[in-house]
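Reading through the structure tokens given below for one structure.
The values are calculated or read from the model by the stated rules, or taken from the named source; none is laboratory data. Note that the structure is a prediction, hence the values are computed from the model and not measured. We place every Cβ from the backbone using ideal geometry, glycine too, and count neighbours over all the protein chains shown. Ligands, DNA and RNA are stripped out before the accessible areas are found, and what is left, the full protein with its side chains, is counted by its heavy atoms. Shrake-Rupley method; radii C 1.70, N 1.55, O 1.52, S 1.80 Å.
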Amino acid sequence: MPKIELDKKDLEKLVRKRFTLKELDEALLYIKGELEESDYDRIKVDIKDTNRPDLWSVEGIARELRGHYGIGKGLPKYNVKKGNINIKVEKVELIRPKIVAAIVKNLNFTGNFIVQMVQLQEKIAVSYGRKRKEAAIGIFDFDKVIPPIRYTTFRDSEIKFVPLDFTEEMSPKEILQRHAKGMEYGHLIKGDNFPILIDSKKNVLSMPPIIKSQYTGKVTEKTRNVFVDVTGWDLNLISTVLNVVVTAFAERGGKIEAVNIIYPNKKIITPQLKEKEIMINPNDVRRFLGLKIN
């Protein structure tokens, strides 16, 4: 089960309510969570629900608790501004065929925010994303990206870039052999072609699902606008992951903009955050709940 670490003051700021540890312990039961440890303001929460990745960060927990306390009532609504950024998808059908993306602007990356961002990425990628096989997340400094963007493949001899936390350019095979993330996740890439996310000025954003580049992939407290992508095999699954990440950022005051994903045979726009209706039979509700509701 996911164990989430958070800062109590940061949580209180997002919930817009102060509470004692006893009150928090009781409220966490509402989200199938247990207060596992507490060291002053540092708190560890054990989330018992593996089907709710939106609760695997302080932003998601705060959203849920606002509803519990009656501070934020009803279904949360997030505006998605129409965007003009395109990602052209080509030659990845047999390697890692699906990608979704979004832009989130006007962010203020405090230390707590960065910690939560990294934690959310890792928790989703390891658990919900099956150790990056089904979903891998990339978050980039959008101000360093020059659109349009391509999601395509290169042979080892055709591309080099500086991977995150390194200072030297490396080819894809060198990254798989020498970088810690390459050695850990290299088995997810088969064959001689390597998936690459690259902008119009040939700046590499990442080699999904392995590693981001040092140039665009370094998010700091000076970063204000981010580009977020999720790659994998199932469009519904990676769309869910993208929605979780961008709505967490929106809880921090970020403004979401859509991205146009241009596949060889279709175009989609992501993220999709519109409400969905589900039709149910009232008699089924009465029977399952055992209540005489109108």
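Which strands (runs of 3 or more DSSP E) sit wholly inside the stretch 196-268 and have at least 1 residues that are among the polar types (S, T, N, Q), out of contact with any His (no Cβ under 7 Å at 6 or more places or on another chain) and open to solvent by less than 10 Å² (accessible area, probe 1.4 Å)?
204-207, 226-232
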Exercise. Can you name every residue in the stretch 142-162 that is open to solvent by less than 20 Å² (accessible area, probe 1.4 Å) and assigned to a strand (DSSP E or B)?
Worked result: I149, Y151, T152, T153, F161
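Residues are listed down the side, and each one gets a yes or a no for (1) in contact (Cβ under 8 Å) with a residue 24 or more places away in the chain; (2) not β-branched (V, I, T):
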position	(1), (2)
E12	no, yes
T20	no, no
E23	no, yes
E36	yes, yes
D54	yes, yes
G67	no, yes
K82	yes, yes
R96	yes, yes
For this session: Could you run through the stretch 189-211 and say how many residues are touching a Phe, Trp or Tyr at 6+ places or on another chain (Cβ under 7 Å) and basic (K, R)?
Result: 0
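Taking the criterion of being polar (S, T, N, Q), more than 16 Å from the chain's Cα centre (by Cα) and either assigned to a loop (DSSP other than H, G, I, E, B) or surrounded by 17 or more Cβ atoms within 10 Å (Cβ to Cβ) (or both), would at least one residue in the stretch 173-186 satisfy it? Show your work before the answer.
Of the stretch 173-186, the ones polar (S, T, N, Q) are 177.
If we keep only those that are more than 16 Å from the chain's Cα centre (by Cα) as well, we get 177.
If we keep only those that are either assigned to a loop (DSSP other than H, G, I, E, B) or surrounded by 17 or more Cβ atoms within 10 Å (Cβ to Cβ) (or both) too, we end up with none.
There is no residue in the stretch 173-186 that is polar (S, T, N, Q), more than 16 Å from the chain's Cα centre (by Cα) and either assigned to a loop (DSSP other than H, G, I, E, B) or surrounded by 17 or more Cβ atoms within 10 Å (Cβ to Cβ) (or both).
Are any residues in the stretch 126-135 open to solvent by 10 Å² or more (accessible area, probe 1.4 Å) and under 18 Å from I95 (Cβ atoms), and if so, which ones? Lay out the reasoning, then the answer.
We begin by selecting, within the stretch 126-135, every residue open to solvent by 10 Å² or more (accessible area, probe 1.4 Å); these are 126-128, 130-134.
Listed by number, the residues that qualify are R130, K131, R132, K133, E134.
Results for (1) in contact with a Ser or Thr (Cβ under 8 Å, 6 or more places away or on another chain); (2) at pLDDT below 95; (3) small (G, A, S); (4) farther than 24 Å from K266 by Cβ, shown as yes or no for each residue.
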site: V89; (1), (2), (3), (4): yes, no, no, no
site: F113; (1), (2), (3), (4): no, no, no, yes
site: R132; (1), (2), (3), (4): no, no, no, yes
site: A135; (1), (2), (3), (4): yes, no, yes, no
For this session: Residue by residue through the stretch 276-287, note down the ones that are over 20 Å from L237 (Cβ atoms) and within 35 Å of the chain's Cα centre (by Cα).
Result: E277, M279, I280, N281, V285
Problem set entry | Within the stretch 1-47, considering residues that are in a loop (DSSP other than H, G, I, E, B) and surrounded by 14 or more Cβ atoms within 10 Å (Cβ to Cβ), the one farthest from the chain's Cα centre (by Cα) | F19
